[in-house]
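The structure under discussion appears below in the form of structure tokens.
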Amino acid sequence: MRGKGISNLSAARTPYSLLLPTLLILLILAPGCGGGPEPVARSAIDRGTRTTFEEARRLIGAGEPTRARRLLEDLASPVQPASVRGEARLALGRCALMEGNSDEALTHLQQAFALLRRHPLRPTAELLLGEACLRCKAYTLAVNHLIGAYRFLAADKDQVRAAFLITKILESTDQPVPERYSLRSQGASFPEYDSIWRRLKPPPIETVPVVARVQKPETRTPAPQMIRRVSRKVWGAGSVIMSRTLPLGNPARITIHHTADQSEMLELAGRNTREYLRRLQSHYQKNRKYADLPYHFIISSDGRIWDGREISYQGAHAGNNTLNKGNIGIALVGDFDRQRLSRQQSQSLRVLIRDLCSRFQIPARGVFGHGELKSTDCPGKNLRRLMPQFTRQLESDLRKK
């Protein structure tokens, strides 16, 4: 969510001596969670690289993903053009799905989806990303990606597969199925997914005989982990512009971001988080015409959780009103493409998400990284690869409650 105030300046009407300081100020104050990488010129793939991809596809088709991996790993290197890396990540995602490694497949396919913008293979990447989400039990996200892929898939068999998966997920979760998908998948069969549908169906209730309860020795329960919350009043938040607010609605999902600030703002956040938040709020209200900060919570590098936008109001963080409705936004201060989140941030994020999910009855599959809902690099590669781990831990935490 990079600031866009600079585009409104008119150099033709502004003296250069006044324009330069204004530009510098706006560049410093232009924070955001990265609406995506800058467009990369598509490079022609040389014959040798194309031959490698063809051989990798042959090996995948022959059921030899391990051999295919060896060919693909160099092509996924950051030194390669974006289109080459994207195609390599797509093939590596296929390999991981074949091997039953859903978390790894999800990571590869998220990167492929981001890298293959305006590329003919992007719909295929989104189809496989939907399958990876399904296998990782992120059912809502799976449906979103499968619907996104459906209308752009060129191959008839791929479109039927997408329609079949959409239909089965919605049926298995007792949701209405749009007619276009049920008709398109009519008569189709993909037995490789049978175990998933069995898992989605609730198990029958069994009666068991009552047995005498054995008294267990008393164990000391560790004290619940506390989170350090800082209210808007403490950090000196300005007034909300009420005319720009919308109601949040029933919270149904949580989206994780990084702030991806310019270095000057990150330094300020480390020195004086209160001032950082006041400047951030001012920037979004004046330059982006927002009601308030876009996020409901902000987690600084020391692990403190700062109250952002009041949770009863819809945020401005996920990409559009449809995605923002019922969506709680959490931003971690930092650029996690270039740095790693601190241990304190990781701990506070886990506790905050757990408490929000318990409070609003949000399932673990309702927690997303920003890039899972919209084509963007947010929340950065170093946080994105931790998301499957956070989800598994959250599921465990919620079962204990």
Using 19 Å as the cut-off for backbone N distance, which residues of the range 91-109 belong to the label zone defined by a point 7 Å from the Cα of Thr66 along Cα→Cβ?
92-102, 104-105
With unit charges on the beta carbon (Lys/Arg positive, Asp/Glu negative), name the residue among Ser195, Gln111, Pro178 whose Cα is farthest towards the positive pole of the charge dipole of the range 50-198.
Gln111
Given a Förster distance of 35 Å, the FRET efficiency implied by the Cβ-Cβ spacing of Ser172 and Asp74, rounded to the nearest 0.05, works out to 0.30
Taking placed amide H atoms and a strict 5 Å upper bound, the residues 5 or more places from Val230 or on another chain that come that close are Ile305, Trp306, Asp307
For the range 253-266, just list the computed ³J(HN,Hα) in residue order, Karplus coefficients 6.51, -1.76 and 1.60, θ = phi - 60°, integers in Hz, with x standing in for Gly and Pro.
8, 10, 10, 9, 10, 10, 6, 6, 6, 5, 4, 5, 6, 5
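Quick check on the range 269-391: take the gyration tensor over C-alpha atoms, sort the square-rooted eigenvalues as a ≥ b ≥ c, and tell me if it's rounded (a/c under 1.5), prolate or oblate.
The shape class here is rounded.
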Kindly write out, for the range 289-300 in residue order, the coupling ³J(HN,Hα) from the Karplus curve 6.51 cos²θ - 1.76 cosθ + 1.60 (θ = phi - 60°), rounded to whole Hz, with x marking Gly and Pro.
6, 8, 5, 6, 4, x, 9, 7, 9, 10, 10, 7
Once R0 is set to 25 Å, what does the formula 1/(1 + (r/R0)^6) return for the Cβ-Cβ distance between Glu55 and Glu192, expressed as a FRET efficiency to the nearest 0.05?
0.50
Put +1 on the Cβ of every Lys and Arg and -1 on every Asp and Glu Cβ in the range 229-400; which of Gln262, Ile353, Met242 then has its Cα farthest towards the positive end of the dipole?
Ile353
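Treat every Asp and Glu Cβ in the range 88-182 as -1 and every Lys and Arg Cβ as +1, leave all other atoms uncharged, and give the resulting dipole magnitude about the Cα centre to the nearest 20 debye.
On the way: 12 positive and 10 negative charges, 70 e Å.
I would put it at about 340 debye.
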Going residue by residue through the range 383-391, the Karplus relation 6.51 cos²θ - 1.76 cosθ + 1.60 with θ = phi - 60° gives ³J(HN,Hα) values, rounded to whole Hz and with x marking Gly or Pro, of 8, 4, 6, 8, 4, x, 5, 4, 5
Label Lys400 and Arg271 with points 7 Å out from Cα along Cα→Cβ: what is the distance between them in nm?
4.0
Cα-Cα longer than 25 Å, checked against Lys137/Lys374; Lys233/Lys374; Lys157/Lys325; Lys233/Lys289; Lys374/Lys400, kept in input order, equals Lys233/Lys374; Lys157/Lys325; Lys374/Lys400
Using modelled backbone amide H atoms (1.01 Å from N, in-plane), which distant-in-sequence or interchain residues come within less than 5 Å of Ile254's amide H?
Ile328, Val367, Phe368
The range 265-306 residues near the modelled Gln347 label - backbone nitrogen below 17 Å, point 7 Å along Cα→Cβ:
299-306
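A short reminder: the numbers here are calculations on the coordinates, not readings from a lab. Since this is a predicted model, take the numbers as computed values, not measurements. Positions of Cβ are generated from backbone atoms using ideal geometry, with glycine treated the same way; all protein chains shown enter the neighbour counts.
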